[in-house]
Amino acid sequence: MADIEKGHVPAADSGDFKTPPRVEDGDSIDAGDNVDVILPEGQVDPVYEKKAKILNRAIQEIGMGWYQWQLSIVISFGWASDNLWPIVTSLILPPVVAEFGQKRPPLLTLSQNIGLLVGALFWGFGCDIFGRKWAFNLTLGITAVFGMAAAGSPSFAAIGVFAALWSFGVGGNLPVDSAIYLEFLPASHQYLLTVLSVAWAIAQVVATLIAWPLLGNLTCEDGDETCAREDNMGWRWFLICVGGLTVLMFIIRFGSFTIFESPKFLMGKGRDEDAVRIVHEVARRNGKEVSLTVEDLRAVEPEGYVPPAKAGDAIRRKLEDVKLDRIKALFATRKLALSTSLVMGVWALIGLGYPLYNAFLPFLQAQRGAEFGDGSTYLTYRNSLIIATLGVPGALVGGVLVETKGVGRKGALAVSTILTGVFLYASTTALNSQSLLGWNCAFSFCSNVMYAVLYGFTPELFPTPQRGTGNALTATCNRVFGIMAPIVAMFADLNTAAPVYTSGALFIAAGLMVLALPFESRGKAAL
């Protein structure tokens, strides 16, 4: 760090630039420490790697300040939206089916997952090409507009189209938001990427609280032979309320906060001056000073180094950037290829397992509740609220586990994922509604730990130039298999425990795959 403070960094070819010493288990990361990086040397471009280490030290020198705490608030809106809107689809499914007489209800979930897939592809790859800033704001705006417009849907086909459109915006939240958040966090606070998933869990509670009075009292009753629009307005008011909440989040994010482009993204584009300028601006907002200079970054460039092109027409440059090299970079070495492949597989299995169970939870609860003689609307929503509430501490526990010695990201993710599957199996043994509720609460708690760790761990495994692409690949696997879930449901018997058994097996398999991941990011800085 002393060399940087003096305004000098050893040249890349001098032999003096060494990998910072690793932070041993139990050691804390303080500003100014030389911290090890998640991806060992040789996994990415060496010049980019050395520059990224310099930026990591500069961000650590600034520390966690006012700008990052404000960013945490507006980033949490993306996490909330990612869970809020899929839950909306699940909750409105019964009254929508009743009103329009749809014979294949899972088609609505299928429409949603197609939108999520397209959104993950477009925004995930796009943020590595066009930058994080515009995508960061547009995703929430698109979700809010089409979500509220869906309240006026005149047919099942219309609500399906609107679900796909609002999901196009939702699909970009996590790939973009996790990338930009991680790139502004000092290494000592990267665990906040996991803790932030508490907003994901709170969104489920909020959705259930809004749905209870509206869907519980202003929709057709089960068994009604006819369901007129005027007797079934609850789901439409529900969409307006959730859409309005998303509009409010968009206004706060867009109007009350100035988001800067990621310094590492700019540096990866050859825009070192802009990267340094933004680091100093963040330091100013935090009331700090930082010693980083453009010369620090340029000093690690070997003789004859040619940075990414900055000349020429801007549109042409960006179009040329749309190429498979970004994907190939994530498979450049054996370890990196193994890491990328395994994390994609984990997202794929969870993408099929979670919707098979959770997306049809209202149907399952009502059916099993009826078997136990207490399938009333009141008890169904009461139980949904209890299950949702138990997810909130799950995200906080995940934040503690990822920083715990001997556990870390891999341990926390593997155990929570396997336990999620185990509790799904256990739920099939329920002999009354109370025991079913208990098993569902355990599932909710463990699955929220799982998602909190997964959302924080995944972007850490990719270098900044390909982080959006990596997030897009994992999200795409998740969404592709999510599309399969409603298709399976249409041809499976939801009155049996078959979806539960299948879902449990998928979670357990995903947890075992986590153990084979070659990288652990605890105590290390993301590149």
(Q) Show me the helices (runs of 4 or more DSSP H) entirely contained within region 120-213 in which 2 or more residues are in contact with a Gly (Cβ under 7 Å, 6 or more places away or on another chain) and more than 30 Å from Asn56 (Cβ to Cβ). (A) 133-149, 156-170
Q. Just a yes or no: is a residue in region 159-171 over 22 Å from the mean Cα position of the chain (by Cα), open to solvent by less than 20 Å² (accessible area, probe 1.4 Å) and modelled with pLDDT of 85 or more?
A. yes
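Can you find a residue that is open to solvent by less than 10 Å² (accessible area, probe 1.4 Å), more than 15 Å from the chain's Cα centre (by Cα), closer than 18 Å to Pro459 by Cβ and in contact (Cβ under 8 Å) with a residue 24 or more places away in the chain anywhere in region 211-228? If you could, list the steps in order and put the result at the bottom.
If we filter region 211-228 for residues that are open to solvent by less than 10 Å² (accessible area, probe 1.4 Å), which is where we start, we get 211, 215.
With the extra rule that they be more than 15 Å from the chain's Cα centre (by Cα), the set shrinks to 211, 215.
Going one step further and asking which of them are closer than 18 Å to Pro459 by Cβ, we end up with none.
Taking every residue of region 211-228 in turn, none turns out to be open to solvent by less than 10 Å² (accessible area, probe 1.4 Å), more than 15 Å from the chain's Cα centre (by Cα), closer than 18 Å to Pro459 by Cβ and in contact (Cβ under 8 Å) with a residue 24 or more places away in the chain.
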Q: Could you please find all residues in region 378-389 being surrounded by 19 or more Cβ atoms within 10 Å (Cβ to Cβ) and under 22 Å from the mean Cα position of the chain (by Cα)?
A: Ile387, Ala388
Q | Subset of region 115-134 [open to solvent by less than 10 Å² (accessible area, probe 1.4 Å) and closer than 16 Å to Gly482 by Cβ] | A | Gly115, Leu116, Gly119, Ala120, Gly124
Q. Say we look at region 83-101 and pick out the residues that are open to solvent by 10 Å² or more (accessible area, probe 1.4 Å) and of a type in the set (Val, Ile, Thr); which of these is farthest from Thr246 (Cα to Cα)?
A. Val97
**Q.** Out of Ala120, Ala135, Ala80, sole residue that is among the hydrophobic types (A, V, I, L, M, F, W, C) and more than 21 Å from Tyr451 (Cβ to Cβ)
**A.** Ala135
Q. Just one of Ala31, Ala80 is modelled with pLDDT of 90 or more and either farther than 25 Å from Glu303 by Cβ or open to solvent by less than 30 Å² (accessible area, probe 1.4 Å) (or both); which is it?
A. Ala80
Q: Restricting attention to region 74-108, report how many residues are of a type outside the set (Asp, Glu), in a helix (DSSP H, G or I) and over 23 Å from Asn217 (Cβ atoms).
A: 12
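If you take just the helices (runs of 4 or more DSSP H) that sit entirely in region 282-346, which of them hold at least 2 residues that are surrounded by 15 or more Cβ atoms within 10 Å (Cβ to Cβ) and modelled with pLDDT of 90 or more?
Details: elements: 294-298, 314-320, 325-329.
In region 282-346, no matching helices (runs of 4 or more DSSP H) lie anywhere.
The values are calculated or read from the model by the stated rules, or taken from the named source; none is laboratory data. Everything numeric in this text was worked out from a predicted model, so none of it was measured. Note that each Cβ is placed from the backbone with ideal geometry, even for glycine, and that neighbours are counted across all protein chains shown. Calculation scope for accessible area: heavy atoms of the full protein, side chains included, ligands and nucleic acids excluded. Shrake-Rupley method; radii C 1.70, N 1.55, O 1.52, S 1.80 Å.
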